[in-house]
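Comments concern the structure below.
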Amino acid sequence: MRVARFYAPGDIRLEDAPEPGPGPGDLKLRVRNCSTCGTDVKISRYGHPHIVPPRVLGHEIAGEVVETGAEVAGWRPGDRVQVIAAIPCGHCRQCRRGQMTVCPNQESIGYHYDGGFAEYMVVPAKVLRVNGVNRVPEGVSFAEASVTEPLACVLNGQELARVGEGDDVLIIGSGPIGCLHARLARSLPDAAICTAEVDLVDEVRKQTDGEGASVVIVAAAAGAVQELAPQLAARQGRISFFGGLPKDNPLVTLDSNAIHYRELTIVGANGSSPAHNARALQAIASGDVPVADLITHRLPLEDVLEAIEIVARGEAIKVTIEP
Ligand SMILES: [Zn+2]
Ligand SMILES: [Zn+2]
């Protein structure tokens, strides 16, 4: 089969590999869609401490079960499935409290295990143990299902920022994550602000009767925007730092008095739990969060390097690979 393997920063190779066989507790999938994201760009340029090469990349996965391990119950060939990316251990203190997104023993598909930029892949038993495989409902395409994982992360972020009824939600960033945030929080009247044309702080105040936004989600890897967030938030507003900053420049300066006197809350958000994935897929299936039109590019596996470059150039919303 064909796979895209990471060897080193700047060195991802398309090559032939033997088809993997499932262990007793594993599932083997025919990958139908594996979507790309900014993380793939980061890995391709800088590598990742958790990736020991060579490794098949790809973590936004939907496919079809082709073989089940001898001990697997509940799944059979032909089942259409979506797979989580971040695998919590399921038994540490955080996992037992339901805080699976911050499990210190977390492993990930495409990092610790071979991912979905391949014709076939094995879903390890530990994914099944934490309910990390979801049945794709009828009417949901594999491409749409592959957007479940990033939407699950967005769901986690809005949960942590307590986005609710009546909130004015300001989303900074217009990439796939920003778009998914907007779709999920769509109860508000949409207004797009182009910061090249107007001043963001002025415009947000104008549109919120001078109050600021109840929730500010920074879905952009920009420290300057994080620093601006307290000025954009309403009293008792919540700020989500959804995007991480470059590793070599993670420090920002925040107006502590704005946070103190206006009683602001700043929350981080990182990844998603198996339960978030299940709910995200449900939201796609029900039409609550449409994603089909966010998939702007479909490319074969052979073009995965071009796909990553398209993402890097910001020319696409969602680029999906169809191995
Ligand atoms: Zn991703
Ligand atoms: Zn854990």
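Can you tell me which residue among R129, R162, R135 is open to solvent by 30 Å² or more (accessible area, probe 1.4 Å), over 18 Å from the mean Cα position of the chain (by Cα) and within 16 Å of ligand 2 (Cβ to nearest atom)? Steps first, please.
Details: R162 fails: within 16 Å of ligand 2 (Cβ to nearest atom); R135 fails: within 16 Å of ligand 2 (Cβ to nearest atom).
Unique residue meeting the criteria: R129.
All told, G47 falls short of being open to solvent by 20 Å² or more (accessible area, probe 1.4 Å) and not hydroxyl-bearing (S, T, Y).
Counting the residues of segment 237-291 that are at positive phi and open to solvent by 50 Å² or more (accessible area, probe 1.4 Å) gives 1. Summed over segment 134-175, residues that are modelled with pLDDT of 95 or more and within 18 Å of V319 (Cα to Cα) total 15. Among all positions in segment 272-285, there is no residue which is β-branched (V, I, T), assigned to a strand (DSSP E or B) and in contact with a helix residue (DSSP H, G or I) (Cβ under 8 Å, 6 or more places away or on another chain). For segment 201-220, residues that are among the hydrophobic types (A, V, I, L, M, F, W, C) and more than 21 Å from G314 (Cα to Cα) total 5. Regarding segment 191-206, can at least one residue be identified that is outside any loop (DSSP other than H, G, I, E, B), in contact with a strand residue (DSSP E or B) (Cβ under 7 Å, 6 or more places away or on another chain), farther than 17 Å from A258 by Cα and hydrophobic (A, V, I, L, M, F, W, C)? Scanning segment 191-206 turns up no residue that is outside any loop (DSSP other than H, G, I, E, B), in contact with a strand residue (DSSP E or B) (Cβ under 7 Å, 6 or more places away or on another chain), farther than 17 Å from A258 by Cα and hydrophobic (A, V, I, L, M, F, W, C).
If you go through segment 158-183 one residue at a time, how many are farther than 17 Å from C37 by Cα and within 16 Å of ligand 1 (Cβ to nearest atom)?
First, pick out the residues of segment 158-183 that are farther than 17 Å from C37 by Cα: 158-172, 182-183.
Keeping just the survivors that are within 16 Å of ligand 1 (Cβ to nearest atom) gives none.
Final tally of qualifying residues: 0.
Of the residues P176, P124, which is within 16 Å of ligand 2 (Cβ to nearest atom) and either open to solvent by 50 Å² or more (accessible area, probe 1.4 Å) or in contact (Cβ under 8 Å) with a residue 12 or more places away in the chain (or both)? Step by step, each of P176, P124 is checked, and only P124 is within 16 Å of ligand 2 (Cβ to nearest atom) and either open to solvent by 50 Å² or more (accessible area, probe 1.4 Å) or in contact (Cβ under 8 Å) with a residue 12 or more places away in the chain (or both).
Among residues of segment 33-61 being of a type in the set (G, A, S) and farther than 25 Å from V140 by Cα, the one that is farthest from ligand 2 (Cβ to nearest atom) is S44.
Looking at segment 15-32 only, could you name the residues that are more than 14 Å from A4 (Cβ to Cβ) and either within 16 Å of ligand 2 (Cβ to nearest atom) or in a strand (DSSP E or B) (or both)? First the steps, then the outcome.
At the first step, the residues of segment 15-32 found to be more than 14 Å from A4 (Cβ to Cβ) are 18-30, 32.
Within segment 15-32, L27, K28, L29, R30, R32 meet the criteria.
Of all residues in segment 294-323, which are closer than 18 Å to V136 by Cα and of a type in the set (D, E)? Hit for segment 294-323 is E322, nothing else.
Scanning segment 290-323 for residues that are of a type outside the set (D, E, K, R) and part of a helix (DSSP H, G or I) yields A292, L294, L301, V304, L305, A307, I308, I310, V311, A312.
The values are calculated or read from the model by the stated rules, or taken from the named source; none is laboratory data. Since this is a predicted model, take the numbers as computed values, not measurements. Virtual Cβ from ideal backbone geometry, glycine too; neighbours counted across all protein chains shown. Just the protein is used for accessible areas: all its heavy atoms, side chains included, with ligands, DNA and RNA removed. Shrake-Rupley method; radii C 1.70, N 1.55, O 1.52, S 1.80 Å.
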